[in-house]
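For reference, the structure discussed in these notes is given below.
The values are calculated or read from the model by the stated rules, or taken from the named source; none is laboratory data. Bear in mind the structure is a predicted one, so any value in this text is a computation, not a measurement. Virtual Cβ from ideal backbone geometry, glycine too; neighbours counted across all protein chains shown. The accessibility values were calculated without ligands, DNA or RNA, using every heavy atom of the protein model including side chains. Shrake-Rupley method; radii C 1.70, N 1.55, O 1.52, S 1.80 Å.
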Amino acid sequence: MRFSEGVLVSALDRFYFADKRYEEDGCLQVTFNVSGVNSSVWFAETILRFGDGVEVLEPGELITDIRQRTEKMRNLYFKL
């Protein structure tokens with residue numbers, strides 16, 4: 001995952017034990033093994049709390065889950 005500067009403190013609190021790398025633009029890249037995460041629902045909801053301050057880089061299944069959830073949220077507020 002890649003966290004923007006605006007959510008760094010929260011990301012560091014939540015993912016303290018993960019591998020971290022600071023990028024030149026001030027963002028934080030966090031890497032850890034998601035196979036140890038018991039609930040993908042909990043994990044997706046945790047990520048969504050960061051709003052547009054986080055980008056999931058992999059795995060593809062998690063990206064798809066986040067995309068589907070945000071699309072459902074969007075549809076609640078932008079009825080066509």
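Would you work out the charge dipole size for the chain about its Cα centre, treating the Cβ of every Lys and Arg as +1 and the Cβ of every Asp and Glu as -1, and quote it to the nearest 20 debye? Intermediate results must be reported in sequence, preceding the final value.
Working: 10 positive and 13 negative charges, 83 e Å.
Once rounded to the nearest 20, the dipole reads 400 debye.
Just the number please: accessible area per residue for region 1-62, 1.4 Å probe, all protein chains included, in Å². All intermediate terms of the calculation are to be shown ahead of the outcome.
Values: 4190 Å² over 62 residues.
Accessible area per residue: 68 Å².
Would you pull out the residues with amide H under 5 Å of Cys27's amide H, same chain only if 5 or more places away, H placed 1.01 Å from N?
The list, which skips near neighbours in sequence, is empty: none.
Of Val56, Tyr77, Val7, which is farthest along the charge dipole of the chain in the positive direction, counting Lys and Arg as +1 and Asp and Glu as -1 at C-beta?
Tyr77
In whole percent, and with a 1.4 Å probe on the protein chains, what portion of the accessible area of the chain is carbon and sulfur? Please list the in-between numbers first.
Working: 3130 of 5990 Å².
Taking all protein chains in place, the chain shows 52 percent carbon and sulfur surface.
For the chain, what does the helix formula give at 222 nm: sum of -39500 (n - 2.57) over DSSP H segments with n ≥ 4, over the residue count, nearest 500 deg cm²/dmol?
About -13000 deg cm²/dmol.
Mind listing P(r) for the chain? All alpha-carbon pairs, 10 Å bins, whole percents.
Calculated over all Cα pairs of the chain, the distribution is 17, 49, 27, 7, 0 percent.
Could you calculate the FRET efficiency of Glu61 with Glu24 from 1/(1 + (r/R0)^6), where r is the beta carbon distance between them and R0 is 25 Å, rounded to 0.05? It would help to have the intermediate numbers written out before the result.
Details: r = 30 Å, r/R0 = 1.18.
It comes to 0.25.
Can you work out the Karplus-derived ³J(HN,Hα) for every residue in region 67-74? Use 6.51 cos²θ - 1.76 cosθ + 1.60 with θ = phi - 60°, whole Hz, and x for glycine or proline.
Per residue, the Karplus-derived 3J(HN,Hα) values read 4, 5, 5, 5, 5, 4, 4, 4 Hz.
Need the full-extension length gain, Ser40 to Arg2, defined as separation in residues times 0.36 nm minus the C-alpha distance. One decimal, nm.
On the way: separation 38, 0.36 × 38 = 13.68 nm, distance 1.84 nm.
So the extension gain works out to 11.8 nm.
Would you work out the relative contact order for the chain, in percent, from Cα pairs under 8 angstrom that are 6 or more residues apart?
Numbers: 66 pairs, mean separation 26.6, N = 80.
Relative contact order, the chain: 33 percent.
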